[in-house]
Amino acid sequence: MSTPERDLDAHATRALRELLQGRKPDEADRMALTGEVRACVDALLEALQTDGVQAVRVAFQALLVDRPWLNRLASQSTDDSGQEQKPSRRIRFLPDSAFENRPARQWLIPSILPKEGIALVFGLPGCGKSFLVMAWSLCIASGMPWLGRQVLQGPVAYIAGEGAFGIGPRIKAWKTHHQFSGESGVQWFDEAVILQDASHFNELLTAFAEDFPQPPVLVVIDTLSRCSGGADENSNTEMAKVIAAADLIQRHFHCTVLIIHHGGKDRDRGPRGASSLVGNTETNIEVVQTTEGCRVKCFKQKDAPKFAPISLKLQQVQIGPAEEDTSAVLILGNDQAQEQMSNSEKVMYTALQGKSLSFSEWVQAGIGSGLVKTISKTSAENAIKKLVDLGYVQKTGKLYTCTAREQGEDDGMDE
């Protein structure tokens, strides 16, 4: 179709630019238009009024299929006199130095969860993936180390699309285990958000802006199935729309978007569904259930080495007076506990086995154990702090005990 020259003017440019930025165009500009340009502007205005700016952008892309001249028109800019200026550009090519001098990659959790990008945690039902991601979220928001690993602290938004009743007990268990009081810094929403739905997406961006004094550094989508509105997981086209929405969030806030998803029947192929879920995400982490808890394995880590598998076990935590008032936290598994300890930590851990001791009693037990003659009081005190941070030891009141878990105990994991 030939370009309608009479409509390629400042009125159309201003109207289109306003609409694409989510604002209603000036009525004088709209009324000055005729023909197909007027029809396009009216269609975009209707989309804005019905479903918001995301719907406008979707409709604009659809119109471009048969009307490529719309893109040229929207990219033009005008000065106050209405005269056309040189179009502004978003795309700019840069020399080597611009990339060589960029800061090194940052991590929310070193070598595991990068800062900025889209990550996917997947596994079969009941493997513990939500326990894991909730622990990451609480640690990142509060600044608490995750099993001895320092985190990059910042606000966290957690969209819990399923299993809302488990949120409270798991938060209590985490706080009890870490002796943490007050608000963690995670903000929770316990309903599904359909990411590729324009009205849901716009409301989500508004919620981020109004509920977070500072932008979140981590946005958790739990789970992909609940937050994709029944979209076909096997369709690369459908899943690409979901990932595109996550990418808009990531770019808007310069944050990490972490999506929790189910594993496929063939573990070698990774998460369930379309291959685009692996191809269009930077980090893929698999969680596999084990007899004592779960094993966390790096399936994909773009532009960085894969981290070594991490074995975790589920530690039951009493969160209320009744016997059934329990939940759980994930701590390092027995197969990794001893090998990651320093010499002084091994001494102190051995000294506590099968006992409940106060801080001073434990220090004296370690110093007088005879296992290592050179351990000092300072080394013993530092080892105690590290053992608690790593999750090997828990404190109840004034007493410390090892967190070893009896075999056969119900793990309580449903995700």
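Throughout, read-outs are computed from the coordinates displayed, never taken from laboratory work. What you see is a predicted model; the values in this text were computed from it and never measured. Neighbour counts run over all protein chains shown; Cβ positions are idealised from the backbone, glycine included.
Listed values, structure above:
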item: Phi to ³J(HN,Hα) by Karplus 6.51 cos²θ - 1.76 cosθ + 1.60 over region 376-389, Hz, x for Gly, Pro; result: 9, 4, 5, 5, 5, 5, 5, 5, 4, 4, 5, 5, 5, 4
item: Gained length - THR378 relative to ARG102, 0.36 nm times residue gap less alpha-carbon distance; result: 95.3 nm
item: For region 107-330, share of DSSP beta bridges that run antiparallel, in % to the nearest 5; result: 45 percent
item: Computed magnitude of the charge dipole of the chain (debye, nearest 20; Cβ of K, R +1, Cβ of D, E -1); result: 1620 debye
item: Projected label distance in nm at ASP42 and ARG23, using a 7 Å step from Cα toward the beta-carbon; result: 2.4 nm
item: Fraction of antiparallel bridges per DSSP, the chain only, in percent to nearest 5; result: 55 percent
item: Whole-Hz ³J(HN,Hα) from phi, Karplus 6.51 cos²θ - 1.76 cosθ + 1.60, for region 263-276, glycine and proline x; result: x, x, 5, 9, 4, 5, 8, x, x, 5, x, 5, 5, 5
item: Size of electric dipole in region 107-330: Cβ of Lys, Arg +1 and of Asp, Glu -1, about Cα centre, debye, nearest 20; result: 880 debye
item: Selection of GluC sites (Glu not before Pro), region 152-197, meeting DSSP coil and at most 12 other Cβ within 10 Å; result: GLU183, GLU191
item: Distance violations [Cα-Cα > 25 Å] among LYS115/LYS306; LYS129/LYS306; LYS172/LYS241; result: LYS172/LYS241
item: Dipole axis of the chain (+1 Lys, Arg; -1 Asp, Glu on Cβ), positive-most option in PHE99, PRO271, LEU352; result: LEU352
item: Inter-part distance where region 263-283 and region 299-328 are each reduced to a Cα centre, Å; result: 22 Å
item: Integer Hz, Karplus 6.51/-1.76/1.60 couplings in order for region 244-257, x for Gly and Pro; result: 4, 5, 4, 5, 4, 5, 4, 6, 5, 9, 6, 10, 9, 9
item: Which of CYS402, CYS255 has the fewest Cβ neighbours within 10 Å, and the rest in rising order; result: CYS402, CYS255
item: Contour excess over end-to-end distance, with Cα ends at ASP247 and GLU210 and 0.36 nm allotted per residue; result: 11.3 nm
